[in-house]
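The values are calculated or read from the model by the stated rules, or taken from the named source; none is laboratory data. Remember, predicted model here, so these are calculated numbers, not experimental data. Neighbour counts are summed over all protein chains in view; Cβ atoms, including those assigned to glycine, are modelled from backbone coordinates with ideal geometry.
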Amino acid sequence: MRSLLVCWILFTGVSLTEVSAQAEFRVGFQAGLPVGHIETSSNLKAGMEVAYLYSVVDILEVGPMLGYSHYFIKEGIDLPYYKSSETQDIQLVPVTISGRAYFGGNFYLGAAGGYAFSLVDWTNGGIYYRPKLGVIFNGLGINASYEGINMDEGTISSANIGIEFNL
């Protein structure tokens, strides 16, 4: 986990210093429906991310991404891997490397992968992955994605729709 964080910091530093003229910040927000193991315990997921993407070639962008994911747990529900008398929402902070390849101009296929750190006390987090498909018009993007976090306690996942802004 430490080596992943060190790699992410080095990657961010190189991207900020070497190609800052070709890079852009993207801020995104998404809402989703939990699927899989958490589907019966949660009915809504909300999240956001900030990415610093730079162009490697004309159709490919890569860079670091930092996000926040919040899974709202239904009242009175115990998660299969966390037993408590109090309902506790799941809050995660993904630290990832993100990339996207453009097809046909504005359409892209993207992915992010890394580690999601937990803000709740019953888990440390887990491996994060998020494939997505989107379109960008004049700096405004709309995308559909699947988010998955593989933790020791189980897998948390959601199907999302999102919007992003080019800063």
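Conditions (1) of a type in the set (D, E, K, R); (2) at pLDDT below 95; (3) out of contact with any Pro (no Cβ under 7 Å at 6 or more places or on another chain), marked per residue:
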residue	(1), (2), (3)
Val14	no, yes, yes
Glu49	yes, no, yes
Leu66	no, no, yes
Ser69	no, no, no
Lys74	yes, yes, yes
Asp89	yes, yes, yes
Asn106	no, yes, yes
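In this structure, Leu140 does satisfy being modelled with pLDDT of 90 or more and under 18 Å from Asn160 (Cα atoms).
Here Val93 passes the criteria (1) under 13 Å from the mean Cα position of the chain (by Cα); (2) farther than 17 Å from Tyr68 by Cα; (3) of a type in the set (A, V, I, L, M) except the one numbered (2). Each residue in segment 114-167 was checked for being in a loop (DSSP other than H, G, I, E, B) and within 19 Å of Thr40 (Cβ to Cβ), and 4 of them qualify.
Residues of segment 122-132 that are at pLDDT 95 or above and either of a type in the set (Phe, Trp, Tyr) or surrounded by fewer than 14 Cβ atoms within 10 Å (Cβ to Cβ) (or both): Tyr128, Tyr129.
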